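Asker: Just dropping this structure here.
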Amino acid sequence: ESIQDYKRVMKTICGSLRNGDKVRLGDLFTMKKGTVQSSKAVEGSIPFYTGAANLKLHNTATETTESILFVGGAEGSLGRVHHAVDAAYAVSDLCYVMRLLSDSVLYKYAYWYLNMNKESIIGYAAKGIKRTITLERLKDIEILVPDVEVQQQMIERLDILQDQIVGLERTKVMLTGSMRSCLDCCLTSVPAADGSTGLSTENDIEDSAVDE
C-alpha cells in the first residue's frame, strides 16, 4: 500500500470519526483508583502497571479483567495510558482503572484515542505543587465515539503504524551499533605520538610469528 493510498484511507476514517458523538468518559466507563503503591514492586510473575512506560512485577493480582489504565497521579507520566489484557495483574494507586459500560466503544479505540490526545487531556490537570488529574475531572473528559466499524478501521491502521515504528526503532538500534563499531575502528587507526596506529599490519603479524 502506497503512502498516498494510506493517506486517502486515513482521511476517510478521520472524516467518519469527526461525525461521531462526543461522550463523557464517565458515561462510558466505570472508574476506580488502583490500590498498590508504585514503590511496592516485589519479586513475582504478575504484571504490575504503574506510571512508568515499562511493566514492573508483583506477587499479588488486584484485577482480572480487561481495562484501560489512566495515569492521573504521577506528574512525570501524567496522561499515560495502558491497555491491560492480562488474565491477572496489579495496578498502582497512580492509575485509574477504567472498564467499559457498553459495547458502543472498543477498548483498543479508547486506548488509542486517549494516547493520541494526551496533551489536550493533560490540560484538565488540577494546578498546584503537583499536577494531577482527579477522578471527577477524568469523568468529565469527552471523546468522539463513531460507529464501531469506524473504530475498528482506525485500530487496524494505527496498529500497522505502531508495528512499523517498532521495526524502525529496532533498525535504528542496529544501525547505531554499526556506526559505533565503525567509529571505534576509525579511532584505533588514529596515529599515536610514536606514529603507531594501534592496528596490526601484515609486517607486525609476520614479526610476531618470527619472535614466537
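Asker: Out of (1) under 14 Å from Phe29 (Cα atoms); (2) open to solvent by 50 Å² or more (accessible area, probe 1.4 Å), what's the single condition that is false for Thr60?
Answerer: The one condition Thr60 does not meet is (1).
Asker: Against the condition among the hydrophobic types (A, V, I, L, M, F, W, C), within 17 Å of the chain's Cα centre (by Cα) and farther than 15 Å from Tyr111 by Cα, how does Val81 come out, does it pass?
Answerer: no
Asker: Would you be able to tell me the number of residues in segment 86-107 that are outside any strand (DSSP E or B) and touching a Phe, Trp or Tyr at 6+ places or on another chain (Cβ under 8 Å)?
Answerer: 1
Asker: Also: Do you know which residues across segment 27-57 are open to solvent by 20 Å² or more (accessible area, probe 1.4 Å), hydrophobic (A, V, I, L, M, F, W, C), outside any strand (DSSP E or B) and touching a residue at least 24 places away in the same chain (Cβ under 8 Å)?
Answerer: Selection gives Ala52, Ala53.
Asker: Against the conditions (1) under 17 Å from the mean Cα position of the chain (by Cα); (2) within 18 Å of His83 (Cα to Cα); (3) modelled with pLDDT of 85 or more, where does Leu158 fall short? Just the number, please.
Answerer: (3)
Asker: Mind checking which residues of segment 63-101 are farther than 17 Å from Glu119 by Cα, hydroxyl-bearing (Ser, Thr, Tyr) and surrounded by fewer than 20 Cβ atoms within 10 Å (Cβ to Cβ)?
Answerer: Result: Thr64, Thr65.
Asker: Still on this structure, I have one more. Restricting to segment 103-136, count the residues that are loosely packed, with under 12 Cβ neighbours inside 10 Å and touching a residue at least 12 places away in the same chain (Cβ under 8 Å).
Answerer: Final tally of qualifying residues: 3.
Asker: Just one of the numbered conditions (1) at pLDDT 90 or above; (2) under 17 Å from Lys139 (Cα atoms); (3) not in a strand (DSSP E or B) is not true of Leu69; which one?
Answerer: Status for Leu69: all satisfied but (3).
Asker: Have a look at Gln153, Gln164 and point out the one that is open to solvent by 70 Å² or more (accessible area, probe 1.4 Å) and touching a helix residue (DSSP H, G or I) at 6+ places or on another chain (Cβ under 7 Å).
Answerer: Sole residue among the options that is open to solvent by 70 Å² or more (accessible area, probe 1.4 Å) and touching a helix residue (DSSP H, G or I) at 6+ places or on another chain (Cβ under 7 Å): Gln153.
The values are calculated or read from the model by the stated rules, or taken from the named source; none is laboratory data. Being a predicted model, the structure only gives us computed values, none of them experimental. Virtual Cβ from ideal backbone geometry, glycine too; neighbours counted across all protein chains shown. Side chains are part of the model used for accessible areas, which takes the heavy atoms of the whole protein and leaves out ligands, DNA and RNA. Shrake-Rupley method; radii C 1.70, N 1.55, O 1.52, S 1.80 Å.
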